Structure formats: C-alpha cells, structure tokens
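Notes to accompany the following structure.
The values are calculated or read from the model by the stated rules, or taken from the named source; none is laboratory data. Keep in mind it's a predicted model, so treat the numbers as computed, not measured. For neighbour counting, all protein chains shown are included, and Cβ atoms are generated from backbone atoms with ideal geometry for every residue, glycine included. To get the accessible areas, we keep the full protein, side chains included, count just its heavy atoms, and leave off ligands, DNA and RNA. Shrake-Rupley method; radii C 1.70, N 1.55, O 1.52, S 1.80 Å.
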Amino acid sequence: MHLFHFPSQRLAAVAAVAAVGCAAGAFGAASSSAAAGGCSVSYTVSSQWAGGFSASVAITNLGSPLASWSLAWDFAAGQQVTQGWGGTYSQTGTTVTVANASWNGSLGTGGSTTIGFNGSWNNAANPAPTDFALNGVPCNGSSTPTPTPTPTPTPTPTPTPTGSLPSSFKWSSSGVLISPHSDSHDIIAVKDPSVVNYNGEWYMAASTVNSSGSYGMEFLSFPSWSQASSATPVYADQTSIGGGYKTAPMLFYFAPQKLWYVTYQMGSNIGYSTNPDITNPYGWSATKTFYSGMPAIISQNIGSGYWVDSWLICDSANCYLFSMDDNGHLYRSQTSVSNFPNGMGNTVIAASNSNPYAFFEADNVYKVAGQNQYLLIVEAIASTGHRMFTAYTSNALNGSWTPLANTESNPFMAASNVSFSGSAWTQDFSSGEMIRAGYDQTLTISPCKIQYLYQGHDPSANQSYNLLPWRLGLATQTNSTC
C-alpha cells in the first residue's frame, strides 16, 4: 500500500482577520499620553500617478516613552487618504489622524516606526503635509523633505533565447536556502514560494505553518540567494491583509495598472491584495476576492478534494486564473486585461486526469520566451508517496495541454532526476516557482538553464502533512539545450 500525505489544512475555515491598517474613514481611539520633548517626521512620496500617489511617514519619538500614539497632519492641496497601513486612519477636511496599530504602539525615547498610505490628488499640486503632531505635540525635530516620486517599474525586456524546452529534464539542487525565522510567530515550515527579481533585489512571498498547523503568509526580500537565510520576514498579519487562512501566494506586477499583486487561496475563495511599491512589505492592501463564491463547475467536480493553488497569467487580451482541486482537475477562469481584476468568470476544466495523484495540485503556468508555447507545471504524488512535478505544453493559455514530462519514469522534477553536491536533504519536490525572465503579468521564462525554487523536507520527517518541516531550495537545470 502506498503512503500518501493529504493537505487537510488547506480546507481550514477562514479565521477572523486581524487587520493592522484600515481604509480612510475608519475611526479608532488612541492614548492621549504626551510626547514630552517632541518628535520628528520624515514624509516621502514613493510613487505618483495621474490622480493618485503613495507615501510613507517615518515617525521618531524624541520625548518620553509612549505606550500608544496618534499622529495628525494637514494636507495643503485637498489630498485625500484612500487606503492606509500601519495604523487606523481618519480624515476630516484637510486633517488626517492616524492611531497606532496593535503592533507598533510602543515607542521608546528615540524609537521610530513607519506608516504609509495611498492617496488621491487633483493633478495640479501635491505638496508635503504641514503641522505634524504626535499626541498633540508638534513634530519639529526635522523638516519634511520635498516629495520625490520614484520611477514606475518598467517590465524587463523579454529575452531572445536560442534554445527550447527539452523532452526530459535533469537538475542540480542547492542545499536549504530558506528556513522558518525564529520569532513569536512560532513558524515550523516555509512553503509555496513565489519570487520575482526587481531592480536587482529578490522579493518573495511564501506560505507559513506554525506549530499548531495553522497557515499564513510572509514576505521576504534579499539581494542574493546566499543572503536569503538571513532575511527577516514581514508576516501578512502585520499588514492590511491580516491573519486567518490565507496561503499559497503568487506575486506579479500588473503593468497596465502600475500595481503589484499577490494572490492567495482562502479555502472558499481566491483572494488578492495590491501594493504600489513592492519594496514596502507593509504596503499590501486589505483582501479582496475574485469570485462571489466557489464556481459551480468546481463544486460539482471537487469531490473530496480542496480548492487550492491559484495561479494568474495574462496574454495581450485576457487574464487567466488557474486553480486545482486535489481531485485531478485544473480549472481556468478568465477576464479581459482591461477589466482585471473584475469580471473573473467563464470557469471551465482546462485539463484533468482520472488518477488524481498524477495531477494533484501546485500548478504554475508560464510563457516560454521566443516560442509560441506555454508551460504548465503540476505537482503529483508518486507511487512512493513522495511529491514530484510533471510538465505539459500548449500554444495558447485557453488551449489544450500536451504531456511533456509527466510520468514517474520521465518527470519534470523528482528524486530520480535531481542531484545534490552532498547528501540529498529532501526526496520530495513540491509547490514552488520558476525563476522568471521578468516580473510582469505575462510570466515569461527563458527555456535556457531553468531554475526552480521548490519546497522539500528532511526525508526522515514523518509528521502529518500540516506539521512537516518544509524548507526552500533552488534547483538548476543541467541539460539545457541553450
């Protein structure tokens, strides 16, 4: 009898959201303790576009320690806060007030914190606010600089490779690159990574699992893979995304809107958040969902499986949202690029397998640069009980998928075709992300010397699925045709 691991946690009910920031118009109380001795504020516009902008506000307490705080300022040109993070925002006329969040209320002498918001402006002028005051005490410790908008990200050019995808694959893997960070979140596993490279820095979102088997998400950034292990995470419950069951994230930059997106599964729906500046991990918006509920075709075919692992990719006309059900089905929904993220519908079964373990979960879809071809990667469970990847190709995102490397004897990635410089730290190759050639919504990859960031675990681990000690490693293709 074969041994299988079932992801029962992915069915977990959505827990109550503990948001740390609220949209403008929400009111919250704060302590009236004074900041004896004053404060300083540094205000920076990080990006600006027609009718809108994003700004950060760095607060330093120069007085006695504070258990809680409230910051107020006045806009000079009618600007309005539309969304904030790092505190509870309210606005009356030109005056904005921000009360601390639960996690950043304590400010010792010399202590600092940074909050941020999205705002609207009239396109005529967007001057820096005036008259900052912390708990009623004017912040005169430093001047506020003139806003200097940062350039909008420009999608990286598509490479022109000279090779193509092979019909079989061989890989060499790194050791463990990313493990759980030791802190109060009590994380025992890091998994389901999604990663982009922007301006020479790696930005990653990943699932986390704590010692009770509860799932969440974290955000990391690091300049090189050799420094990934020392990156300090920012957890979703420290942003406006909040806590609760939100997991299996996927990152991309949606160029038509000049916004970063992270999508994630929620058990009963697929959620997303946006961020105008990926360098600010606290800048993710509160959760919105793509659907009003589970599409009928999924509920009719899911059986005893779970709705998992969303994946979004766009061509020039449409955006497609893929997902799996642990029951042998790949689903596809779509909306137009011009209507995204609204209007997601027309959900169909894009591919299926009568053996659900051969076509299980963790789907990735990419555009192959220089080819009229898309690559689909799907996680399977081998007859040994270990996780592996299979691969398929199509000439269109709404087309049919043809097997490329989809068997145990010829997998995309498995214990049988991955080598290690030392002893193998894992025999399981599970939910991950290809290293892309860019970072926009087209999800373009080069077919040359492919790299894949995956989750694995100690072969001796025998815990239940939700308590397995997942870690992240990077595999590099060794039989490239380029």
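Yes or no: TYR320 open to solvent by 40 Å² or more (accessible area, probe 1.4 Å), in contact (Cβ under 8 Å) with a residue 40 or more places away in the chain and either in a loop (DSSP other than H, G, I, E, B) or of a type outside the set (A, V, I, L, M) (or both)?
Taking the combined requirement at face value, the residue does not satisfy it.
Residue pairs, Cβ under 9 Å, 6 or more apart or interchain, first in the stretch 437-463 and at positive phi, second at pLDDT below 95 and hydrophobic (A, V, I, L, M, F, W, C). List them.
LYS449/CYS482
I want to confirm something. Restricting to the stretch 80-108 and keeping residues that are in contact with a strand residue (DSSP E or B) (Cβ under 8 Å, 6 or more places away or on another chain) and outside any strand (DSSP E or B), which single residue is farthest from ILE59 (Cα to Cα)?
The residue in question is THR94.
Identify, please: which residue in the stretch 109-134 is part of a strand (DSSP E or B) and aliphatic (A, V, I, L, M) and is, among those, most open to solvent (accessible area, probe 1.4 Å)?
Selected residue: ALA133.
Would you say GLY216 is without any contact (Cβ under 8 Å) to a residue 60 or more places away in the chain, assigned to a loop (DSSP other than H, G, I, E, B), buried (at least 20 other Cβ atoms within 10 Å of the Cβ) and at negative phi?
Here the answer is no, as GLY216 does not meet what is asked.
Restricting attention to the stretch 328-345, which residues are surrounded by 14 or more Cβ atoms within 10 Å (Cβ to Cβ) and of a type outside the set (Phe, Trp, Tyr)?
GLY328, HIS329, LEU330, ARG332, SER333, GLN334, THR335, VAL337, PRO341, GLY343, MET344
Of the residues in the stretch 41-55, how many are in a strand (DSSP E or B) and either at positive phi or open to solvent by 40 Å² or more (accessible area, probe 1.4 Å) (or both)?
Residues meeting the conditions: 4.
Keeping to the stretch 219-251, report how many residues are assigned to a helix (DSSP H, G or I) and not hydroxyl-bearing (Ser, Thr, Tyr).
The qualifying residues number 6.
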